[in-house]
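Colleague: Let me give you the structure first, and then I'll get to my questions.
The values are calculated or read from the model by the stated rules, or taken from the named source; none is laboratory data. Keep in mind the model is a prediction, meaning the values are calculated, not measured. Glycine gets a Cβ as well: all are built from the backbone with ideal geometry, and neighbour counts include every protein chain shown.
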């Protein structure tokens, strides 16, 4: 079920900040919005200072005018709660709401996300504002969703957070003895005798920065702080959500996430959200597959449910080192790519370009010229017409995948806080490389978590499964025995949830499942590498090389070419277990290897591509019980081709397409509906 299932079409619009403009501009904005096909605006994102000018004074007069104007012009509203930036008077009168940074310095008023998540004062005022807003607009029928704060994030190391961390640790471990065991505090004589001796890990205690990389003396403490911080900030979201829910029980409530955002465990967050929404701001150098992976992550943390594309730029960002324009057609292409991977909205930041402060050169639907006479506005208008014509299109439809890639925040934190074997370890990059290789094979891919259901997939890939949590090993075993194919690789299975090594030989709980024993791991600087062979072809072995002994697995290929003392040892292994197979890749390699290896794995598992396409053409699908939608997107600079296995209707043009080969123009999109 989609968050907007009752709407007639895909919501189209985005963040509107009329409070930054005189009222005479508002009417002109309404005319331009209608011209562009805009039907949804997000209001009140950063208005706390104007809504609450003092302790007990609330003023909704201007917001009421904006809400009425938008409503009278037939548009829907996503109502934000404004709590992403607290008022200056609040910081002056209640300094406990200000965060303390990694170096132990108390912040002053400024920026945003500067509110301590455990401050009683901040939590009181934030909850009160959410409640007041809900009461003010509880009967506003065109509010289709509530938007808590904005892009939650950051860390705090104040005394309030330290006290809350101690309470969090006590709730997790119950006794100080269990804390000492989990954190291995006998190392360096760090034994705690009472919970009030625990301090936050930062530059004043266990953590430091070496050569641009964060180092910690106690990984267990640092990982638990990150879990705590994510939970503490999440509790702020839940606080406001619950206040709205008291007034509007059936409200649809969300906040905008940021895909691969390291500080917050979005899997835990998504469980508390009515629907996932997120902001898509890729780097100019990002491949189409990397952008797609972020969409699939957001769909994945929500257990496959459709999500909202809450923000994207119509043209250009302003905070990257080099802020390239979106080339003609790219805004449309990336909007449809979001829909292809599960988005049920197309929304922008921002509707009108501001004239001051740090985002005045960030793109907008209405530029500083103030008219519709711009390339960007014309592209927005054309997309608006198309979205109106295709209507609901794929709203509420699922993406069905036979292949899943596992991504886990605890593993992200733990691998990159690890003191060895290499500083070049990059968890997200390792996962991304496998995802990109799979997308080039034209298969749908789900991004799943360690607690996800594995049984609906044919292939599950966990390339860097360093930390094994809960009963994951048992579920992996059952998945393989039931006929599934499981792939993992170097530096996997080493530790349990507290980052304590699982003794008895690597890869720990996976040892008998994979049928191997990893005795040692060699590491290389970026300029060095080894080699291995697969199907007689030579490939690079980079970053790390495991020295593997077979214990029931079959060696598919080895280190060769007389390089180093472990020549001839297994690199790729496979073990038959029940009806399925477990694969191990004992090094990191490149796209040439992954293309061949993953083709083998998918082929043996019975996974087939959605269709054939030329190299720059992306294909993915969404479906329900009655029909299937195939999205074909040409990211290339020249014409592409793709194959249809069945007849279908191209929704944008209305043209009937027969089965067979078809051409698609550069930067173009075909959306093809066919009955199931």
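Colleague: Condition (residue is at pLDDT 95 or above and on the phi > 0 side of the Ramachandran plot) applied to the range 474-487: is it met by at least one residue? Lay out the reasoning, then the answer.
Modeller: Residues of the range 474-487 that are at pLDDT 95 or above, as a first pass: 474-487.
Subset that is on the phi > 0 side of the Ramachandran plot: 483.
The answer is yes; a qualifying residue exists.
Colleague: Looking at (1) more than 26 Å from residue 381 (Cα to Cα); (2) touching a helix residue (DSSP H, G or I) at 6+ places or on another chain (Cβ under 7 Å); (3) in contact (Cβ under 8 Å) with a residue 60 or more places away in the chain, find the lone condition where residue 258 falls short.
Modeller: Exception for residue 258: condition (2).
Colleague: Among residues belonging to the range 51-82 that are in a strand (DSSP E or B) and within 32 Å of the chain's Cα centre (by Cα), point out the one that is surrounded by the most Cβ atoms within 10 Å (Cβ to Cβ).
Modeller: Kept after step one, since they are in a strand (DSSP E or B), are these residues of the range 51-82: 54, 57, 76-80.
Cutting the leftovers down to within 32 Å of the chain's Cα centre (by Cα) gives us 76-80.
Values: 76: 20, 77: 25, 78: 28, 79: 25, 80: 23.
Going through the qualifying residues, I end up with 78.
Colleague: Oh, and also: Of all residues in the range 452-476, count the ones that are in contact with a strand residue (DSSP E or B) (Cβ under 7 Å, 6 or more places away or on another chain) and either within 20 Å of residue 401 (Cβ to Cβ) or outside any loop (DSSP other than H, G, I, E, B) (or both). Let's see the steps before the verdict.
Modeller: Residues of the range 452-476 in contact with a strand residue (DSSP E or B) (Cβ under 7 Å, 6 or more places away or on another chain): 454, 457-467, 476.
Still in the running and either within 20 Å of residue 401 (Cβ to Cβ) or outside any loop (DSSP other than H, G, I, E, B) (or both): 454, 457-463, 465, 467, 476.
Here the count works out to 11.
Colleague: State all residues of the range 83-95 that are in contact (Cβ under 8 Å) with a residue 24 or more places away in the chain and crowded, with 17+ Cβ neighbours inside 10 Å; if no residue qualifies, say none. Quick ask: steps written out before the conclusion?
Modeller: Residues of the range 83-95 that are in contact (Cβ under 8 Å) with a residue 24 or more places away in the chain, as a first pass: 83-90, 93-94.
Once the filter is applied, which keeps residues that are in contact (Cβ under 8 Å) with a residue 24 or more places away in the chain and crowded, with 17+ Cβ neighbours inside 10 Å, the range 83-95 yields 83, 84, 85, 86, 87, 90, 94.
Colleague: Just name the residue that is surrounded by the most Cβ atoms within 10 Å (Cβ to Cβ) out of those in the range 270-283 that are over 18 Å from residue 348 (Cβ atoms) and out of contact with any strand residue (DSSP E or B) (no Cβ under 7 Å at 6 or more places or on another chain).
Modeller: Of everything passing the filter in the range 270-283, 270 is surrounded by the most Cβ atoms within 10 Å (Cβ to Cβ).
Colleague: Name the residue that is farthest from residue 53 (Cα to Cα), counting only residues in the range 129-150 that are under 30 Å from the mean Cα position of the chain (by Cα) and assigned to a helix (DSSP H, G or I).
Modeller: In this case the residue turns out to be 134.
Colleague: Then there's this: Taking the condition of being buried (at least 21 other Cβ atoms within 10 Å of the Cβ) and under 25 Å from the mean Cα position of the chain (by Cα), how many residues in the range 636-670 meet it?
Modeller: 1
Colleague: Shifting gears a bit: Quick check, is residue 520 assigned to a strand (DSSP E or B) and at negative phi? Outline the logic, then answer.
Modeller: Details: assigned to a strand (DSSP E or B): yes; at negative phi: yes.
Judged against the criteria, residue 520 is a match.
Colleague: Among the residues of the range 361-371, is any touching a residue at least 60 places away in the same chain (Cβ under 8 Å) and surrounded by 24 or more Cβ atoms within 10 Å (Cβ to Cβ)?
Modeller: Yes - at least one qualifying residue is present in the range 361-371.
Colleague: Go through the range 513-525 residue by residue and tally those that are closer than 27 Å to residue 554 by Cβ and loosely packed, with under 15 Cβ neighbours inside 10 Å. Break it down stepwise before answering.
Modeller: Here is the first cut: in the range 513-525, the residues closer than 27 Å to residue 554 by Cβ are 513-524.
Now restrict to residues that are loosely packed, with under 15 Cβ neighbours inside 10 Å: 519-520.
Selection size over the range 513-525: 2.
Colleague: For the range 164-180, give me each residue that is exposed (fewer than 14 other Cβ atoms within 10 Å of the Cβ) and assigned to a helix (DSSP H, G or I).
Modeller: Start the filter on the range 164-180 by keeping residues that are exposed (fewer than 14 other Cβ atoms within 10 Å of the Cβ), which leaves 167, 171, 174-175, 177.
Listed by number, the residues that qualify are 167, 171, 177.
Colleague: Just checking, does the range 558-576 include any residue being surrounded by 15 or more Cβ atoms within 10 Å (Cβ to Cβ), on the phi > 0 side of the Ramachandran plot and not in a strand (DSSP E or B)?
Modeller: Of the residues in the range 558-576, the ones surrounded by 15 or more Cβ atoms within 10 Å (Cβ to Cβ) are 558-560, 566, 569-575.
With on the phi > 0 side of the Ramachandran plot added as a condition, the list becomes none.
No; the residues of the range 558-576 include none that is surrounded by 15 or more Cβ atoms within 10 Å (Cβ to Cβ), on the phi > 0 side of the Ramachandran plot and not in a strand (DSSP E or B).
Colleague: Criterion first (under 24 Å from residue 228 (Cβ atoms) and at pLDDT 95 or above) does residue 71 satisfy it? Quick ask: steps written out before the conclusion?
Modeller: On the way: under 24 Å from residue 228 (Cβ atoms): no; at pLDDT 95 or above: yes.
Considered against the rule, which asks whether it is under 24 Å from residue 228 (Cβ atoms) and at pLDDT 95 or above, residue 71 comes out as no.
Colleague: Then there is this: Do we find that residue 446 is touching a strand residue (DSSP E or B) at 6+ places or on another chain (Cβ under 6 Å) and more than 30 Å from residue 206 (Cα to Cα) in this structure?
Modeller: Numbers: touching a strand residue (DSSP E or B) at 6+ places or on another chain (Cβ under 6 Å): yes; more than 30 Å from residue 206 (Cα to Cα): yes.
In short, yes.
Colleague: Which of the following residues is over 16 Å from residue 445 (Cβ atoms) and in a helix (DSSP H, G or I): 601, 596, 632? Before you say what the answer is, go through the steps one by one.
Modeller: Working: 601 fails: over 16 Å from residue 445 (Cβ atoms); 632 fails: in a helix (DSSP H, G or I).
From the options 601, 596, 632, the qualifying one is 596.
Colleague: Failed condition for residue 201, given (1) in the same structural domain as residue 73 (by TED's automatic domain parsing); (2) farther than 16 Å from residue 45 by Cα; (3) touching a strand residue (DSSP E or B) at 6+ places or on another chain (Cβ under 8 Å), with all others met?
Modeller: Checking residue 201 against (1) in the same structural domain as residue 73 (by TED's automatic domain parsing); (2) farther than 16 Å from residue 45 by Cα; (3) touching a strand residue (DSSP E or B) at 6+ places or on another chain (Cβ under 8 Å), the one that fails is (1).
Colleague: Residue 44: on the phi > 0 side of the Ramachandran plot and in contact with a helix residue (DSSP H, G or I) (Cβ under 9 Å, 6 or more places away or on another chain), yes or no? Spell out how you get there, then give the answer.
Modeller: Numbers: on the phi > 0 side of the Ramachandran plot: yes; in contact with a helix residue (DSSP H, G or I) (Cβ under 9 Å, 6 or more places away or on another chain): yes.
Answer is yes for this residue.
Colleague: Name every residue in the range 432-451 that is part of a strand (DSSP E or B) and more than 18 Å from residue 606 (Cα to Cα), in order of residue number. Walk me through how you get there before you give the answer.
Modeller: We begin by selecting, within the range 432-451, every residue part of a strand (DSSP E or B); these are 445-448.
Across the range 432-451, the qualifying residues are 447, 448.
Colleague: Quick one: count up the residues across the range 339-364 that are closer than 26 Å to residue 399 by Cα and in a loop (DSSP other than H, G, I, E, B).
Modeller: Residues of the range 339-364 that are closer than 26 Å to residue 399 by Cα, as a first pass: 339-348.
If we keep only those that are in a loop (DSSP other than H, G, I, E, B) as well, we get 341-342, 344-345.
The number of residues fulfilling the criteria is 4.
Colleague: Do you know which of the residues in the range 181-203 that are out of contact with any helix residue (DSSP H, G or I) (no Cβ under 9 Å at 6 or more places or on another chain) and not in a loop (DSSP other than H, G, I, E, B) is surrounded by the most Cβ atoms within 10 Å (Cβ to Cβ)?
Modeller: Initial filter on the range 181-203 (out of contact with any helix residue (DSSP H, G or I) (no Cβ under 9 Å at 6 or more places or on another chain)): 187-189, 203.
Then keep just the ones that are not in a loop (DSSP other than H, G, I, E, B); that gives 187-189.
Numbers: 187: 11, 188: 9, 189: 6.
Checking each candidate, the answer is 187.
Colleague: Output the number of the condition that residue 483 fails; it satisfies all remaining conditions of (1) under 27 Å from residue 187 (Cβ atoms); (2) in contact with a strand residue (DSSP E or B) (Cβ under 6 Å, 6 or more places away or on another chain); (3) surrounded by fewer than 17 Cβ atoms within 10 Å (Cβ to Cβ).
Modeller: Failed condition: (1).
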